[in-house]
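Structure record follows, encoded as structure tokens.
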Amino acid sequence: MLKLTDVSKTFNPGTINAKTAMSHLSLNVEDGDFITIIGSNGAGKSTLFNAISGVFFTDEGRIELDGRDITLMPEYKRSRKIGRLFQDPMLGSAPGMTVEENLALAAGSGTWLSRVSKKEKKHFREKLALLDMGLEDRMKQPVGLLSGGQRQALTLMMATINPPKLLLLDEHTAALDPATAEKVLKITKDVVNDEHITCMMITHNLESALAFGNRTLMMDKGSIIFDVSGEERAGLTTDDLLQAFKREAGHILDNDRILLKED
Amino acid sequence: MDVVLSLTQTALELGLISALTVLALFLSYSMLNVCDLSTDGCFTLGAAVGAVVAISGHPYLAIVAAMIAGMLSGLITAFLQTKMGVDSLLAGIVVNTALYSINIAVMGNSSLLNMNKTETVFTKMQALLKGTFLESQYKMVVIVIALVLVIVFLSLFLETRLGLAIRATGNNPAMVKSSSINTVFTTIVGLVIANAFTALSGCLLAQSQKSVNIDIGTGMVTIALASLLIGNTFFAKSSIPVRAIGVLRFNMPAYMLKLVSAVIVVISISGPYLKSKASLVKRNYALNKKEGN
């Protein structure tokens, strides 16, 4: 359903700061896949997500979503089909607007001049109650007053309120405390399963890289160096992952935030 | 006593007319987070276009024409910054400069237009109210009607989906894009509406004082920003309608106004910055003292 063919991107080309963030990367994501992605610092994980969601246009290659070429489609148009969460909980919602207003914007129903209906408000409230974070009683409060975990859960809800075809999660629990992170991960899993969303998740937690999803990718220097799924993946341990990385990349996994175990 | 009263009344009328410009900046500066420096020129444009149309005998059409002219000016400012890669401050300055020539052209190669014998919305209202208890307050009636209309429009508009999108564009543009909304579109709509109000403000001022000169809008952006920042300080935590009313209360036209406004803008912007610096200096001082230096 998502197909990247020979995609490359170099930042600051032709200068001393030139950096090849992706080189001839190809990837085929099947409908319903839940892919976890690990890699060292600067491996191009976020760049891959930026390319898919259209933050920049790639230098070479072709990106297709659902059989449609989206290589040159602007970001705001792609976001109808692609939902995205960042590590920083502050990025996904407007702090000066209320919970309800943020949700209304994400839901985007009605015409430009329509207002949020009672029915919609009720729907938002019910959905928020499912998060079990007390947000349903804070609908009229500015999002800036919420905690990081609450904001990330809200962002997740905003990203999936109109279920996207593809959900990109860029270490979306990394900035949260362990208990909240677990909660947000559980909500993520439920939403992805319930709505049958194809999902890609960058993580620095090797254990959740194996515990979640059906396929794991390892990236290094702008390429995918290891791609495992099915039975082979089921038998893997975190140590196997580290060894596989060393074997394929030629150096050890040097991610300053990597977690070998759940903390 | 009469003099004081009439001065107060004039001051209030002028202040309330300028309040329309403040509401325009409320939309562009507070909501959309764009500092629109074409405000001065757009204010004069509204005054000039309104005056020319009124002089030709159409006082009501004058208001519509002024607002449309303002919208065009806003459209150009927005177009420059969203589609032509011009920095948003520079776009405002460039349009402001261009408007100087346009305004003189609109006024027929003159920098001054006189409307002493022209029928305006104010004289119309005066005729309408003749014999009623509001007779002497005819100017105020027109201004209050305009203000109420604009405030009602803004309060309703900012709660619509488009209004929410405009507010979010100023608050967190990345999030707006990921909600499949084009920030170029929201910026253009926001600036077009804001400039329509700025031009309306200019048009009403010209009609009320029965003349336009090319300097009528000079310093408007600073005055309006000052009012906006004062209003924000007092009403920041209130809902949108209350904030919109808050910005109206602190206009005080007098010849020192421009200096005072400039100082207010500087204080309210640099105040929080200096405050954080001051605490650092204090700590540094305390530390040095403790170490006996």
task = Would you mind pulling out the separation of the Cα centroids of the stretch A:183-220 and the stretch A:124-139, in Å?
result = 23
remark   = Checked against a 29 Å limit on the C-alpha separation, the offending pairs among A:Lys3/B:Lys83; A:Lys45/A:Lys77; A:Lys3/A:Lys122; A:Lys45/B:Lys277; A:Lys19/A:Lys183 are A:Lys3/B:Lys83; A:Lys3/A:Lys122; A:Lys45/B:Lys277; A:Lys19/A:Lys183
inquiry  = For a quick check of your reading of the filter: which trypsin sites (Lys or Arg not before Pro) in the stretch B:62-153 sit in a DSSP loop and have no more than 11 other Cβ atoms within 10 Å?
reply    = B:Lys117, B:Lys130
Cα-Cα separations in the stretch B:2-253 greater than 29 Å, expressed as whole percent = 28
query = Say a site is exposed when it is one of the chymotrypsin sites (Phe, Trp or Tyr not before Pro), sits in a DSSP loop, and has at most 14 other Cβ atoms within 10 Å; what is then the longest site-free stretch of chain B?
reply = B:1-132
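Suppose every Lys and Arg Cβ carries +1 and every Asp and Glu Cβ carries -1, with no other charges. What dipole size does the protein assembly as shown come out with about its Cα centre, to the nearest 20 debye? Each step should come with its number before you reach the end.
Details: 51 positive and 47 negative charges, 374 e Å.
Using Cβ point charges on Lys, Arg, Asp and Glu, the protein assembly as shown gives about 1800 debye.
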key: the stretch A:95-163: radius of gyration and largest Cα-Cα distance (Dmax), Å   = 11.2, 32
query = Projected area of chain A, taken from the Cα convex hull and averaged over every viewing direction, in nm²?
reply = 15.1
task = Among B:Thr21, A:Ser229, A:Leu65, flag the residue with its Cα farthest along the positive direction of the charge dipole of the protein assembly as shown, charges on Cβ as +1 for Lys/Arg and -1 for Asp/Glu.
result = B:Thr21
ask   = Tell me, what HN-Hα J-couplings in whole Hz come from the Karplus equation 6.51 cos²θ - 1.76 cosθ + 1.60 at θ = phi - 60° for each residue of the stretch B:171-181, using x for Gly and Pro?
value = 8, 7, x, 4, 5, 5, 4, 6, 9, 6, 10
message = Past the 33 angstrom mark, what percentage of all C-alpha to C-alpha distances in the protein assembly as shown do you count?
response = 54
request  = Would you mind checking the pairs A:Lys186/A:Lys221; A:Lys127/A:Lys189; A:Lys9/A:Lys189 and listing those with alpha carbons more than 22 angstrom apart?
outcome  = A:Lys186/A:Lys221; A:Lys9/A:Lys189
inquiry  = Among B:Ala174, A:Val184, B:Asn103, whose Cα projects farthest towards the positive end of the dipole of the protein assembly as shown, with charges put on the beta-carbon of Lys, Arg (+1) and Asp, Glu (-1)?
reply    = B:Asn103
query = How far is the Cα center of the stretch B:1-38 from the Cα center of the stretch B:161-180, in Å?
reply = 28
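None of the figures in this text is laboratory data; all of them are computed from the coordinates on show. Please read these numbers as outputs of a predicted model, since none were measured by experiment. Heads up, the Cβs are rebuilt from the backbone with ideal geometry, glycines too, and the neighbour counts pull from every protein chain shown.
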